[in-house]
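A quick write-up on the structure given underneath.
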Amino acid sequence: MQDTIGDRLIPSLMRDILETPGSTLDNLNRMEKLGILAAVSDWVEARNLRNRLVHEYMRDAEEFASAVNRARECVSLLISTYNNILDYAARQLEPPDGYMWPERLV
């Protein structure tokens with residue numbers, strides 16, 4: 001979900017509001033300024049955790065369990081970011097004829 005939001009949804013929103021997407025970090029900083037993302041640092045921390053879980057082989061069971069629990073806590077960050085993007089788009093953009101905004105996630 002983080003890849004989809006960061007790599008697709010945020011750049012798409014930026015184009016829709018007539019801004020030029022930049023690097024991932026630039027885009028995240030812009031989302032923070034728009035009030036869509038609470039803190040870029042939280043997003044980067046979640047991204048680093050994701051990369052660690054996906055690309056590293058953890059031999060310590062306690063360390064792995066701790067990382068999984070932290071990842072679980074990141075779910076609320078992803079859901080709130082998605083909902084904030086949806087809310088922002090609904091306020092700022094006119095949907096095409098016949099289009100209904102998706103429902104918020106809970």
(message) I'd like to know if segment 21-29 contains one or more residues that are at pLDDT 95 or above, hydrophobic (A, V, I, L, M, F, W, C) and outside any loop (DSSP other than H, G, I, E, B).
(response) yes
(message) Would you confirm, using the coordinates I've provided, whether Ile5 is outside any helix (DSSP H, G or I) and in contact (Cβ under 8 Å) with a residue 40 or more places away in the chain?
(response) no
(request) Please enumerate the residues belonging to segment 65-106 that are charged (D, E, K, R) and either touching a Cys at 6+ places or on another chain (Cβ under 8 Å) or surrounded by 14 or more Cβ atoms within 10 Å (Cβ to Cβ) (or both). (result) Arg70, Asp87
(request) From (1) among the hydroxyl-bearing types (Ser, Thr, Tyr); (2) more than 27 Å from Asp87 (Cβ to Cβ); (3) part of a helix (DSSP H, G or I), pick out the condition that doesn't hold for Ser12. (result) (2)
(request) Give the residue that is modelled with the lowest pLDDT, with candidates limited to residues of segment 30-49 that are in a loop (DSSP other than H, G, I, E, B) and either in contact with a Gly (Cβ under 6 Å, 6 or more places away or on another chain) or closer than 20 Å to Arg91 by Cα (or both). (result) Ala38
(request) Write out, first by first residue and then by second, each pair whose Cβ atoms fall under 8 Å of each other, whose residues are 6+ apart or on separate chains, and whose first residue, in segment 65-82, is part of a helix (DSSP H, G or I) while the second is loosely packed, with under 11 Cβ neighbours inside 10 Å. (result) Ile79/Val106
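Restricting to segment 47-64, name every residue that is within 26 Å of Asp7 (Cα to Cα) and either loosely packed, with under 10 Cβ neighbours inside 10 Å or free of Cβ contacts under 8 Å to residues at least 40 places away in the same chain (or both).
The first filter runs over segment 47-64 and keeps only residues within 26 Å of Asp7 (Cα to Cα), leaving 47-57.
If the condition is that a residue be within 26 Å of Asp7 (Cα to Cα) and either loosely packed, with under 10 Cβ neighbours inside 10 Å or free of Cβ contacts under 8 Å to residues at least 40 places away in the same chain (or both), then Asn48, Leu49, Asn51, Arg52, Leu53, Val54, His55, Glu56, Tyr57 are the ones that fit.
Out of the residues in segment 10-29 meeting the condition of being of a type in the set (A, V, I, L, M, F, W, C) and crowded, with 17+ Cβ neighbours inside 10 Å, tell me which one is nearest to Glu94 (Cα to Cα).
Of the residues in segment 10-29, the ones of a type in the set (A, V, I, L, M, F, W, C) are 10, 13-14, 17-18, 25, 28.
In the following step, the residues that additionally are crowded, with 17+ Cβ neighbours inside 10 Å were identified as 10, 13-14, 28.
On the way: Ile10: 17, Leu13: 13, Met14: 15, Leu28: 23 Å.
It comes out as Leu13.
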(request) Kindly indicate which of Arg59, Arg52 is modelled with pLDDT under 95, in a helix (DSSP H, G or I) and at negative phi. (result) Arg52
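The values are calculated or read from the model by the stated rules, or taken from the named source; none is laboratory data. Remember, predicted model here, so these are calculated numbers, not experimental data. All Cβ positions, glycine included, derive from the backbone under ideal geometry; neighbour counts span all protein chains shown.
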